[in-house]
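S.K.: Have a look at this one.
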Amino acid sequence: MVEYDLTIRNGTVATAADIFQADIGIKDGRIVALGAKLGAGAREIDATGRIVTPGGVDSHCHIEQKSSTGVMTADDFFTGTRSAACGGTTTIIPFAAQHRGMSLRDVVRDYHECAGPKAAVDYAFHLIVSDPTDQVLGQELPALIADGYTSFKIYTTYDALKLNDRQILDVLAVARREGALVMVHAENSDVIAWLSEKLTNAGHTAPRFHAMAHSRTAESEATHRAIALAELVDVPMLIVHVSAAEAMNEIRTASHPCPESKPETRI
């Protein structure tokens, strides 16, 4: 009698807690049993001498996404998810990117239309919020959070994406009220623009000067500011793709506050 859709036999199973020899029984796309000498499967794989691990989750990637300058990423949802599957990644969470003037609800629909026919693995979306209008903050974003889109990214740099401090506070307030998570690309846009202008005027346009324009100070200052705004609203925040030790120190300090410090009165 066939008990499982798929039985993987004799593998070295690696879970979050342990590593052990076992068979794996899979039914309706789910692992339903781990044990020795499991029943027959409609399909069977002999994994003797092999390590069997859960599929990976890539929680931050950019696929079939147009940048704020109009440049499209190299991978679409077919090539990106095929590469993911070949590397053992079975779930991806790319970004559904709003640009100024766009409805956030329409953005999500458009990205699903791109991904649905092409994706070879499971996928979800973070949102990118670049135009936090009253309509977006009051209606679209809360409704999307209720639908399960519970994480979104904002920027403090790039002219077509960046939010000012007041807008960031508004977004954080929605996240706190609705139970969502805000990610922040934290760099000081004015510092980068000022340095870029000075470097360009001096003829320093080679790719290596990009790092000089994106000063460590630009990152640490914006990280400190983003954390301060999150503390004011009293909501968790994720600072993404941190590259400078100074920014990491800001995060470390915020994660281990002084025991004598007391929170402000929250609104």
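The values are calculated or read from the model by the stated rules, or taken from the named source; none is laboratory data. Model, not experiment: these values are computed from the prediction. Note: ideal-geometry Cβ built from the backbone for every residue, glycine included; neighbour counts use all protein chains shown.
S.K.: Do the conditions hold for Val171, that is, is it at pLDDT 95 or above, assigned by TED's automatic domain parsing to the domain that holds Pro236 and within 30 Å of Glu140 (Cα to Cα)? Spell out how you get there, then give the answer.
M.R.: Values: at pLDDT 95 or above: yes; assigned by TED's automatic domain parsing to the domain that holds Pro236: yes; within 30 Å of Glu140 (Cα to Cα): yes.
In short, yes.
S.K.: If a residue has to be surrounded by fewer than 17 Cβ atoms within 10 Å (Cβ to Cβ) and either among the charged types (D, E, K, R) or modelled with pLDDT of 95 or more (or both) to count, how many in segment 58-67 make the cut? Write out each step before concluding.
M.R.: Initial filter on segment 58-67 (surrounded by fewer than 17 Cβ atoms within 10 Å (Cβ to Cβ)): 59-60, 62, 66-67.
Subsequent filtering for residues that are either among the charged types (D, E, K, R) or modelled with pLDDT of 95 or more (or both) retains 59-60, 62, 66.
Number satisfying all stated conditions: 4.
S.K.: How many residues, within segment 1-50, are under 23 Å from Thr91 (Cα atoms), among the basic types (Lys, Arg) and not in a strand (DSSP E or B)?
M.R.: Here the count works out to 1.
S.K.: Which number in (1) surrounded by fewer than 13 Cβ atoms within 10 Å (Cβ to Cβ); (2) farther than 29 Å from Tyr149 by Cβ marks the one condition that Gly29 misses?
M.R.: Unmet for Gly29, out of (1) surrounded by fewer than 13 Cβ atoms within 10 Å (Cβ to Cβ); (2) farther than 29 Å from Tyr149 by Cβ: (2).
S.K.: Let me ask another. For Asp76, state whether it is out of contact with any Cys (no Cβ under 9 Å at 6 or more places or on another chain) and of a type in the set (Asp, Glu). I'd like the intermediate steps shown before the answer.
M.R.: Details: out of contact with any Cys (no Cβ under 9 Å at 6 or more places or on another chain): no; of a type in the set (Asp, Glu): yes.
In short, no.
S.K.: May I ask you to list the residues in segment 68-84 that are surrounded by 14 or more Cβ atoms within 10 Å (Cβ to Cβ), touching a residue at least 12 places away in the same chain (Cβ under 8 Å) and hydroxyl-bearing (Ser, Thr, Tyr)?
M.R.: Ser68, Thr81
S.K.: Can you tell me which residue within segment 187-218, out of those that are out of contact with any His (no Cβ under 7 Å at 6 or more places or on another chain) and under 25 Å from Ala173 (Cβ atoms), is surrounded by the fewest Cβ atoms within 10 Å (Cβ to Cβ)? Reasoning before the result, please.
M.R.: Taking segment 187-218 first, the residues out of contact with any His (no Cβ under 7 Å at 6 or more places or on another chain) are 188-191, 193-218.
From the residues that got through so far, the ones that are under 25 Å from Ala173 (Cβ atoms) too are 188-190.
On the way: Asn188: 22, Ser189: 17, Asp190: 11.
Among those residues, the one meeting the criterion is Asp190.
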